[in-house]
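One structure is given here, and the rest of the page talks about it.
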Amino acid sequence: MNKEVKIGREAREELLKGVNMLADAVSVTLGPRGRNVVIGNPVQGYQPQSTKDGVTVARNILSGIPHVDAGIEMIKEAAKKTGLLSGDGTTTSVVLSRAMIVNGLKQVQKGVSPVDIKRGIDVAVNAIVAICEKKSIKIDTKDKIRQIANIAGNYDELISEIVTEAYEKVGRDGMILIESTKGSITSVDVSEGMKIDRGFLRREYITNARKPEAELEDALIFVTEKELGRIEDLSPFMDYAAKAVFKERSAKSLMIIGQDFLQPVVYMSLTAKQGTHNKQGEFQNIPNLLIKYSKNINYLEDIAAYTGAKVITESKRFDKDLNLKHYQGFATKIVASPTSTMIVGGNGDTTDRMLDLQSLVKTQEDNAEYKDRLARLTGSIGIIRVGAPTDVELKERKDRFDDAVCAVRSALEEGILPGGGSFLFHCAGMLKSVKNGVENRDQQRGVQIVIDSICESVAQITLNAGLRPDKIMKELRKFPDTFGYNAREYKYVDMIDAGVIDPAKVIRVALQNAASVAGTFLTTEATVLCDRFQQ
């Protein structure tokens, strides 16, 4: 297979073509006056889909030229990571990435050390993250939740109202799922669920393209206090699940909660998820999850009670003589993130267990564990069932609901900041002392690259609104740091008071990922890629 090699400036210029191709298409969607992008989807016979969702636009961009596509994938990765970690901010990360790359490339081409530029960028970003933590405001009102949902849902009042209602019903720590429904009506339901504070082991378990979640439906559940270390330990469970999924049609997936899972077992689990051929030569894939949960036996017994399972204890052996039917539980839905797992529709009965725990909470002085276990057993989950007249509208609306839910979750975690790009814009004026404190001039240029780049969100939002960014930004520098330009209403306002706010986590993650991809780009000196006709 032939390889095409490009070195130095030529390599970076080809990568930059890809960066610009993606950023040009995605950045026009930013802000309340962002423009639509029409996408032809081959799955839908190239039926045009109009969207303002930046990540949807980014997913559909490819040039067919390997070195250009490498640039596209670099910036796409920053957007994807931002969406996965914070649930929003994908377009912002693209705008910031491109700005840092373009500004940095000018310095590299003048002979400035790319390594020192990267160090300067990192110093500046760390300083902004510290400011972000200091100035973030915790969410404490229903109105703030509605405002966050409204902005992330692209100013759709129905989305903001429903998301706010869902969080009201399940509480700050509750989980909310987005599902499709037939018809045009969208509604919120609350279902019982059990949340455990452990998530999936590896990113390969993720099934949701827009956020870091692994979802299973109609899952067989096994709970054990043992470690699964050998392939032979997992085989009985996989054989049992294959029979239930493919022959009996009594389940669709498998989840095992255990003390620990060693590498051979994780590898076998992921192989089964991707699909293998059975002894009869039939291709089978078993959706499955392994959840490492090393808390004491009481917590495992609670999970077993909720799902109708029985805990497989240390004394039992994982072999063909183990009667798995005796130990199996069941749940209608599983949603796992990197840090937690929600089990919905368990097949057990927790009434007696909850009564016992309620009694222990009242009678025992040292009752922290009992309170924690009781809270997990009495958890609830919000389910937003999204309807729309057509499949195209349904997908687009589900994506916006998803953005709104994730943005609220991020805001609840790390608080809020002035939105519309204004927080980063005002940070530029706070980095002068940081610039003077680095080791050398090349690192100072790295800090200046960040200063110039973090104003780009305001510039792009105002440009999308048909205004002159230079004029708006010159005027904005006269206002206090909570002020910004509200492009929806064409006026300068206190962004917090006006409800134009962003989750602090979204701003932080978008900035950090943009700096990461820019650093990688600027320190790249060669590309080695396959000829596009042989890929």
| request: Return the total of residues in the range 302-329 being surrounded by fewer than 20 Cβ atoms within 10 Å (Cβ to Cβ) and either part of a loop (DSSP other than H, G, I, E, B) or under 31 Å from the mean Cα position of the chain (by Cα) (or both). | output: 13
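State yes or no: is Ser340 among the small types (Gly, Ala, Ser), on the phi < 0 side of the Ramachandran plot and either under 24 Å from the mean Cα position of the chain (by Cα) or not assigned by TED's automatic domain parsing to the domain that holds Asp218 (or both)?
Values: among the small types (Gly, Ala, Ser): yes; on the phi < 0 side of the Ramachandran plot: yes; either under 24 Å from the mean Cα position of the chain (by Cα) or not assigned by TED's automatic domain parsing to the domain that holds Asp218 (or both): yes.
The answer is yes for Ser340.
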| said: Quick check on my filter: what residues within the range 54-83 are without any contact (Cβ under 8 Å) to a residue 40 or more places away in the chain and not in a helix (DSSP H, G or I)? | reply: Asn60, Leu62
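Taking Lys295, is it within 17 Å of Glu225 (Cβ to Cβ) and of a type outside the set (A, V, I, L, M)? Lay out the reasoning, then the answer.
Working: within 17 Å of Glu225 (Cβ to Cβ): yes; of a type outside the set (A, V, I, L, M): yes.
For Lys295, the condition - within 17 Å of Glu225 (Cβ to Cβ) and of a type outside the set (A, V, I, L, M) - is met.
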| request: Filter the range 396-437 down to residues that are assigned to a helix (DSSP H, G or I) and of a type in the set (Val, Ile, Thr) and give me whichever is surrounded by the most Cβ atoms within 10 Å (Cβ to Cβ). | output: Val408
| task | Under 7 Å between Cβ atoms, at least 6 apart or on separate chains: pull out the pairs that start in the range 312-331 with a residue that is of a type in the set (Lys, Arg) and end on any residue that is modelled with pLDDT of 85 or more. | result | Lys320/Pro236
| query | Counting only residues that are under 22 Å from Val170 (Cβ atoms) and surrounded by 12 or more Cβ atoms within 10 Å (Cβ to Cβ), how many does the range 348-360 have? | reply | 6
| said: Please verify whether Val38 is in contact with a helix residue (DSSP H, G or I) (Cβ under 6 Å, 6 or more places away or on another chain) and among the aliphatic types (A, V, I, L, M), treating the condition exactly as stated. | reply: no
| query | Here are some residues: Ile176, Ile162. Which one is crowded, with 17+ Cβ neighbours inside 10 Å, touching a strand residue (DSSP E or B) at 6+ places or on another chain (Cβ under 6 Å) and in a helix (DSSP H, G or I)? | reply | Ile162
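Can you pull out every residue in the range 476-501 that is under 20 Å from Arg35 (Cα atoms), touching a Phe, Trp or Tyr at 6+ places or on another chain (Cβ under 8 Å) and touching a residue at least 60 places away in the same chain (Cβ under 8 Å)? I'd like the intermediate steps shown before the answer.
Step one: filter the range 476-501 for residues under 20 Å from Arg35 (Cα atoms), giving 485-491, 500.
Right, trim to touching a Phe, Trp or Tyr at 6+ places or on another chain (Cβ under 8 Å) and you get 485-486, 488, 491.
Matches in the range 476-501: Tyr485, Asn486, Arg488.
If you go through the range 463-477 one residue at a time, how many are part of a helix (DSSP H, G or I) and over 27 Å from the mean Cα position of the chain (by Cα)?
Our first condition is that a residue be part of a helix (DSSP H, G or I); within the range 463-477, this holds for 463-464, 469-476.
Then drop every residue that is not over 27 Å from the mean Cα position of the chain (by Cα), which leaves 463, 469-476.
Number satisfying all stated conditions: 9.
Let me confirm something: among Leu254, Leu270, which residue is of a type outside the set (Lys, Arg), in a strand (DSSP E or B) and either in contact with a strand residue (DSSP E or B) (Cβ under 6 Å, 6 or more places away or on another chain) or over 17 Å from Leu324 (Cβ atoms) (or both)?
Details: Leu270 fails: in a strand (DSSP E or B).
From the options Leu254, Leu270, the qualifying one is Leu254.
I'd like to know if the range 346-355 contains one or more residues that are part of a strand (DSSP E or B), on the phi > 0 side of the Ramachandran plot and in contact (Cβ under 8 Å) with a residue 12 or more places away in the chain. Can you show your working first?
The first filter runs over the range 346-355 and keeps only residues part of a strand (DSSP E or B), leaving 346.
Okay, now just the ones that are also on the phi > 0 side of the Ramachandran plot, so none.
No, the range 346-355 has no match at all.
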| said: Restricting to the range 378-395, and then to whatever is touching a Lys or Arg at 6+ places or on another chain (Cβ under 9 Å) and not in a strand (DSSP E or B), can you tell me which residue is nearest to Ile128 (Cα to Cα)? | reply: Gly379
| Restricting the range 487-535 to residues that are in contact with a strand residue (DSSP E or B) (Cβ under 9 Å, 6 or more places away or on another chain) and part of a loop (DSSP other than H, G, I, E, B), which is modelled with the highest pLDDT? | Val500
| Some residue of the range 119-135 being at pLDDT below 95 and buried (at least 20 other Cβ atoms within 10 Å of the Cβ) | no
| field | Selection status of Gly87, under 15 Å from Ile507 (Cβ atoms), touching a Cys at 6+ places or on another chain (Cβ under 7 Å) and either of a type in the set (Phe, Trp, Tyr) or buried (at least 24 other Cβ atoms within 10 Å of the Cβ) (or both) | value | yes
| task | Identify, from the list Gly87, Gly171, Gly111, the residue that is touching a helix residue (DSSP H, G or I) at 6+ places or on another chain (Cβ under 9 Å) and either in the same structural domain as Leu16 (by TED's automatic domain parsing) or farther than 28 Å from Glu489 by Cβ (or both). | result | Gly87
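If you check Ser50 against the conditions, is it closer than 21 Å to Leu511 by Cα and in contact with a strand residue (DSSP E or B) (Cβ under 8 Å, 6 or more places away or on another chain)? Let's see the steps before the verdict.
On the way: closer than 21 Å to Leu511 by Cα: no; in contact with a strand residue (DSSP E or B) (Cβ under 8 Å, 6 or more places away or on another chain): yes.
No; evaluated as a whole, the condition is false for this residue.
Would you mind finding the one in Ala388, Ala404 that is closer than 30 Å to Thr186 by Cβ, in contact with a Gly (Cβ under 6 Å, 6 or more places away or on another chain) and of a type outside the set (Val, Ile, Thr)?
Ala404
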| note | Residue count, the range 361-395, condition modelled with pLDDT under 85 and within 19 Å of Lys169 (Cβ to Cβ), comes to 7
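Okay, residues lined up against (1) under 29 Å from Lys395 (Cβ atoms); (2) aliphatic (A, V, I, L, M); (3) in a helix (DSSP H, G or I):
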| residue | (1), (2), (3) |
| --- | --- |
| Arg119 | no, no, yes |
| Asn126 | no, no, yes |
| Val129 | no, yes, yes |
| Lys144 | yes, no, yes |
| Ala149 | yes, yes, yes |
| Asn154 | yes, no, no |
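Would you point out which residue out of Ala219, Ala130 is under 19 Å from Glu414 (Cβ atoms) and either touching a Lys or Arg at 6+ places or on another chain (Cβ under 8 Å) or in the same structural domain as Ala504 (by TED's automatic domain parsing) (or both)? Break it down into steps so the answer makes sense when it comes.
On the way: Ala219 fails: under 19 Å from Glu414 (Cβ atoms).
When all the criteria are applied, what remains is Ala130.
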| Scope the range 500-530; condition touching a Gly at 6+ places or on another chain (Cβ under 9 Å) and surrounded by fewer than 17 Cβ atoms within 10 Å (Cβ to Cβ); matching residues | Glu525, Ala526
| task | Name the single residue, out of those in the range 165-224 being farther than 23 Å from Ala375 by Cβ and among the basic types (Lys, Arg), that is nearest to the chain's Cα centre (by Cα). | result | Lys211
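The values are calculated or read from the model by the stated rules, or taken from the named source; none is laboratory data. No experiment lies behind these values; they were computed from the predicted model shown. Ideal geometry is used to build each Cβ from the backbone, glycine not excepted, and the neighbour counts take in all protein chains shown.
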